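Written below as structure tokens is the structure these notes are about.
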Amino acid sequence: MPTFTTNKGDSLSRFLLCKRWRVAVAVIRTCRAMSKLATLPWTTITHPYAVLEVRIVQQHFDFSAADLTSLVRDKSPDHLTRCGGVRGVLAGLRTHIERGINGSDADVRARSDAFGRNALKKPPSKGFLRFTLEAINDRILILLLACAIVSLAFGVKQHGFQEGWYDGGSILVAVFLVVAVTAVSNFRQSKQFERLSEKYNDVFVDVMRGGRRRGVSVFDLVVGDVVWLKMGDQVPADGLFLEGYSLKVDESSITGESDHVDINGEGMPFLMSGAKVVDGYGKMVVTAVGSNTTWGEMMGSLAGLGSAGEKTPLQERLEGLTSAIQKVGLSVAAVVLVVLMIRYFTGNTRDENGNQEFHGSKTSTNQIINSMVKIFSAAVTIIVVAIPEGLPLAVTLTLAYSMKRMMADQAMVRKLSACETMGSATTICTDKTGTLTMNQMSVVQFIIGDESLNTSSDVPRNVVELLRRGVGLNTTGTVYKADPLAEPEISGSPTEKAILSWALKDLGVDMEEIKSSCTLVHVEAFNSEKKRSGVLVKDNTTNMMDVHWKGAAEIVLAACSHCFDCEGMKISMDRDCRSKFEEIIEGMAQDSLRCIAFAQRRVSDEDIEFGEGGRVRKIRDEDLTLLGIVGLKDPCRPGVRKAVQDCKEAGVDVKMVTGDNVFTARAIAFECGILDQKHSSGVAVIEGKDFRNYTLEERMEVVDEIKVMARSSPLDKLLMVQCLKQKGDVVAVTGDGTNDAPALKEADIGLSMGIQGTEVAKESSDIVILDDNFTSVVTVLQWGRCVYTNIQKFIQFQLTVNVSALTINVIAAISSGEVPLTPVQMLWVNLIMDTLGALALATEKPTRDLMKKPPVGRTEPLVTNIMYRNLVPQALYQIAVLLTLQFKGSSIFGVDDRVKKTLIFNAFVLCQVFNEFNSRKLEKKNVFEGIHKNRLFIAIIGITIVLQVVMVEFLRRFADTERLNWVQWAACIGIGMVSWPIGWIVKCVPIADGPVFGSLKHH
């Protein structure tokens, strides 16, 4: 202990020291008090005039990440008991069952630091070197490399390094350019897919933070979050069930078991990441995220396995076409190789000076080997010419470009094949709510008895009290108010939000008061088959129990035996009264209103069906009392009528499949243009149960005539898709619910909704419509047709080049013993075709003309009669001109053999440049229409011409060319430009629709 003296200096020191001790003691006491407060996540200090909410952020938790990871993975009740049960886990994670976590940035950061982020570790992506190795792993390129190395070795040996490297080195550089361009293209496409995948996985989930329900990115989910789950959601992380009703999940993607698992707070509260909610709703607390979840561990074990790249049907067809052409090219090359070797060894070939090359035993071994390398290179050149290696690359570029542009047009492609298949669609089966309509519900009419009431003051008081409980307790929506004067924030489905908004405003519903006055005993959740939901509630004051039902008006009405009149008197519902209500519902439906009815009944224990353990199994759903009917308006989306009309003009049939009643469905269908006066009778409008009860033969007869299917179940939608596919239609289906998944999978193209769509629906679909708008569906249809047409343009372009080049080289090789186009030159032409040509033709945007043609369907050949008509004259013209230059070029222009070969090479390339314009339009004569809008096409043409000038004028040794004068350049340009009038003339020739050989056979 310190000692003190009595002098003034010591007194001052003692005073300061004592003051420091007091401060230290105060700090220690404060820290102890704060640590006790920290065990309570929320402390509210009240004052007559203010409410102060003290939020304590606790950065230390009672459980480690390892403890929580094994909790759900093992599904061990004993482990959960050792943790104190669900309540103990909540306390240990500093989470409140109603208010959730604190939600401040510091709190979220602390949880993320302690338990990790909700993101899986990405497997290492393929680097550029890997793509380079894949690009060079091509038999033809390897063959060329071998020729280049041999040519380089003999060239250096014969002429020295300064002069001898040109032939072999040029081929090596050309191969390097082809490999580099292919690798860069595939590398960029891979990165684009990664970005799209990341965006698709970034979904939003509803959580409670700070007592407020809000949507957060699944990547921002942390341990301790209270998450809302509803039918169709995918469980975003491992967790424990807190509360809810009828919650069932499908864990087949994790465990392989197909049976649905009942989730409850007694024996099975464990929720695994990746499971899908198939029924009911509830809340869960997150216990593990990211790699610590069961799903994360499983995906981590698969990360190193890799998977083969997805090939679309069109890519597979093109690979078949490429394989067939390759066989022809190899056969021709073998014949040419034999012919050239016979010519050489029989002394019929001459060198550059005109001397005979082979003199029997007088010819040295080096000269023979060198000549054999040249002959072999000529044969390889023919193979290079023949094989259309650019076709797969063209498809890749087209699909990658289209996917990027479709993303900007509110459509995210999940499967490559959907891009091209959508262009062949003949029928679109669309749902109504949110796709054809705005999905912005509002209550516009309220019926009690047989009267429509405008204000809440007109509603009898006893009915108001029952409606308040029926609305406030029988709902999956929530209402949050930051303070008593703030505007309420309503969350839930559009229907729930509309009804809650109406109840708050017109009925004066106080959600907190209603929930505190009653106890929920049992809930029967809404689903698409029952089309209604019910609750059993107990009054905390009187202990009396009521059931409240809410759902489709005609279904609830059928379960009612009584109703209230406008005076609030309960009366029996006779046949006339029931007919009057049916007329009211029909009239509201014809005004495009969705009708929701509320009903109630006082019950006793005898009216309740109990199951094991005294739990309620079923509540009374007959002999109810009708409280009232609300009419909800959901206006059609702007532009949807024009979009439907565009589909009709394109030969695509639009069918509406909805759960609404037949009158509402018919009214919306007329408003959208799906129905018109000629569909006023017959089976154009049908109910799902009627279609379901038809025989297969009857369904096949009427399915084409059906335009609207009302009150349909998921099975009805699936049956319609199956019937349409059996009739040969290519079917696209839109859907947003869990029960739409079978139809989405069965369809040729499944389109899910990005806003209202459930995770199950999105997983089952091929394309996600990000704005839930039918107009975007039509945009996808346009892009699908554009993809197919662009690929056909490139096929026509490349086949023209292949036919002409192969014919020229074969004829020249057999007749004169040499090929006019060297391997380097042919590699350059291939580079123009494969990359620049594909990029130019693959990036044409959709035009209105595409929607004026009938759909392609399933049986249309890839190479059509129109394409044959366009490419054959162009190929014949190029063959005639270039063979003329080959045999008469020297005398026509008065030039030597090297300049003649340069003229042939230059004219050949310029023919392809000008023919690229012709390929822009398969049928239209004006090939320049809209060209100013495609700046990329103009830029590529310009780059090609500039590079060709560089090849001819400046890279003479590399390309084996000679400089040309202005007259010779003008002649080459003139030869190329002739392809324009030829293209215009051939498009004046009518062509048969059927296959060419079929047409010849019939004629």
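Give segment 717-727 a look and list any residue that's surrounded by 21 or more Cβ atoms within 10 Å (Cβ to Cβ) and either outside any helix (DSSP H, G or I) or touching a strand residue (DSSP E or B) at 6+ places or on another chain (Cβ under 8 Å) (or both), or say none.
Selection gives 717, 720, 721, 724.
Does segment 778-785 include one or more residues that are crowded, with 23+ Cβ neighbours inside 10 Å, closer than 30 Å to residue 435 by Cα and of a type in the set (D, E, K, R)?
Yes, segment 778-785 has at least one match.
Go through (1) more than 27 Å from residue 622 (Cβ to Cβ); (2) part of a loop (DSSP other than H, G, I, E, B); (3) open to solvent by less than 30 Å² (accessible area, probe 1.4 Å) for residue 498 and report which single condition fails.
In the conditions (1) more than 27 Å from residue 622 (Cβ to Cβ); (2) part of a loop (DSSP other than H, G, I, E, B); (3) open to solvent by less than 30 Å² (accessible area, probe 1.4 Å), residue 498 misses (2) alone.
Anything in segment 69-91 that is over 26 Å from residue 480 (Cα atoms) and either small (Gly, Ala, Ser) or touching a Leu at 6+ places or on another chain (Cβ under 8 Å) (or both)? List them, or say none. Steps first, answer last, please.
Going through segment 69-91, the residues over 26 Å from residue 480 (Cα atoms) turn out to be 69-85, 88.
Across segment 69-91, the qualifying residues are 70, 71, 72, 76, 79, 80, 83, 84, 85, 88.
Out of 296, 280, which single residue is open to solvent by less than 30 Å² (accessible area, probe 1.4 Å), within 30 Å of residue 526 (Cβ to Cβ), of a type outside the set (A, V, I, L, M) and modelled with pLDDT under 85?
Values: 296 fails: within 30 Å of residue 526 (Cβ to Cβ).
Criteria check complete, one pass: 280.
Just to check your reading of the model, which residue among 520, 504 is among the hydrophobic types (A, V, I, L, M, F, W, C), outside any helix (DSSP H, G or I), out of contact with any Cys (no Cβ under 9 Å at 6 or more places or on another chain) and open to solvent by 20 Å² or more (accessible area, probe 1.4 Å)? Step through it out loud before you land on a result.
Numbers: 504 fails: outside any helix (DSSP H, G or I).
Within the list 520, 504, the selection yields 520.
Any chance you could count how many residues in segment 483-495 are open to solvent by 40 Å² or more (accessible area, probe 1.4 Å) and over 35 Å from the mean Cα position of the chain (by Cα)?
Within segment 483-495, residues that are open to solvent by 40 Å² or more (accessible area, probe 1.4 Å) and over 35 Å from the mean Cα position of the chain (by Cα) number 4.
Got a number for residues in segment 742-756 being open to solvent by 10 Å² or more (accessible area, probe 1.4 Å) and free of Cβ contacts under 8 Å to residues at least 40 places away in the same chain?
3
In the set 843, 800, which member is under 30 Å from residue 650 (Cβ atoms), buried (at least 24 other Cβ atoms within 10 Å of the Cβ) and in contact (Cβ under 8 Å) with a residue 24 or more places away in the chain? It would help to see each step written out before you state the result.
Working: 843 fails: buried (at least 24 other Cβ atoms within 10 Å of the Cβ).
Exactly one residue qualifies, and that residue is 800.
So, of the residues in segment 156-169 that are modelled with pLDDT under 70 and surrounded by 15 or more Cβ atoms within 10 Å (Cβ to Cβ), which turns out to be farthest from the chain's Cα centre (by Cα)?
Ranking the qualifying residues of segment 156-169, first place goes to 164.
Quick one: which residue in 463, 444 is more than 23 Å from residue 853 (Cα to Cα) and open to solvent by less than 20 Å² (accessible area, probe 1.4 Å)?
On the way: 444 fails: open to solvent by less than 20 Å² (accessible area, probe 1.4 Å).
When all the criteria are applied, what remains is 463.
Would you pick out the residues in segment 403-423 that are among the hydroxyl-bearing types (Ser, Thr, Tyr) and surrounded by 24 or more Cβ atoms within 10 Å (Cβ to Cβ)?
Keep residues of segment 403-423 that are among the hydroxyl-bearing types (Ser, Thr, Tyr), which gives 417, 421.
Matches in segment 403-423: 421 only.
If residue 861 passes every condition in (1) open to solvent by 10 Å² or more (accessible area, probe 1.4 Å); (2) assigned to a helix (DSSP H, G or I); (3) touching a residue at least 12 places away in the same chain (Cβ under 8 Å) but one, which one does it miss?
(2)
Is it the case that some residue within segment 549-572 is part of a loop (DSSP other than H, G, I, E, B), open to solvent by 40 Å² or more (accessible area, probe 1.4 Å), over 21 Å from residue 660 (Cβ atoms) and aliphatic (A, V, I, L, M)?
Yes: segment 549-572 contains one or more residues that are part of a loop (DSSP other than H, G, I, E, B), open to solvent by 40 Å² or more (accessible area, probe 1.4 Å), over 21 Å from residue 660 (Cβ atoms) and aliphatic (A, V, I, L, M).
Just one of the numbered conditions (1) surrounded by fewer than 20 Cβ atoms within 10 Å (Cβ to Cβ); (2) under 29 Å from residue 814 (Cα atoms) is not true of residue 922; which one?
Among (1) surrounded by fewer than 20 Cβ atoms within 10 Å (Cβ to Cβ); (2) under 29 Å from residue 814 (Cα atoms), the lone unmet condition for residue 922 is (2).
Mind checking which pairs have a first residue in segment 204-231 that is free of Cβ contacts under 8 Å to residues at least 12 places away in the same chain and a second that is part of a strand (DSSP E or B) and not acidic (Asp, Glu), Cβ under 6 Å, 6 or more apart or different chains?
215/204
Return yes or no: is residue 461 basic (Lys, Arg) and modelled with pLDDT of 90 or more? Before the answer, list the steps.
Details: basic (Lys, Arg): yes; modelled with pLDDT of 90 or more: no.
So residue 461 does not fit the description; no.
Among the numbered criteria (1) of a type outside the set (Phe, Trp, Tyr); (2) assigned to a helix (DSSP H, G or I); (3) modelled with pLDDT of 80 or more, which single criterion is violated by residue 325?
(3)
Could you tell me which residue of segment 441-491 is nearest to residue 522 (Cα to Cα), considering only residues that are without any contact (Cβ under 8 Å) to a residue 12 or more places away in the chain and in a helix (DSSP H, G or I)?
Only one residue tops the list, namely 465.
Considering (1) open to solvent by 30 Å² or more (accessible area, probe 1.4 Å); (2) part of a helix (DSSP H, G or I); (3) closer than 17 Å to residue 790 by Cα, say which one residue 940 fails and leave the rest.
Condition not satisfied by residue 940: (1).
The values are calculated or read from the model by the stated rules, or taken from the named source; none is laboratory data. Predicted, not measured: the structure shown is a model, and the values here were computed from it. Every residue, glycine among them, receives a Cβ derived from its backbone with ideal geometry; neighbour counts consider all protein chains shown. Side chains are part of the model used for accessible areas, which takes the heavy atoms of the whole protein and leaves out ligands, DNA and RNA. Shrake-Rupley method; radii C 1.70, N 1.55, O 1.52, S 1.80 Å.
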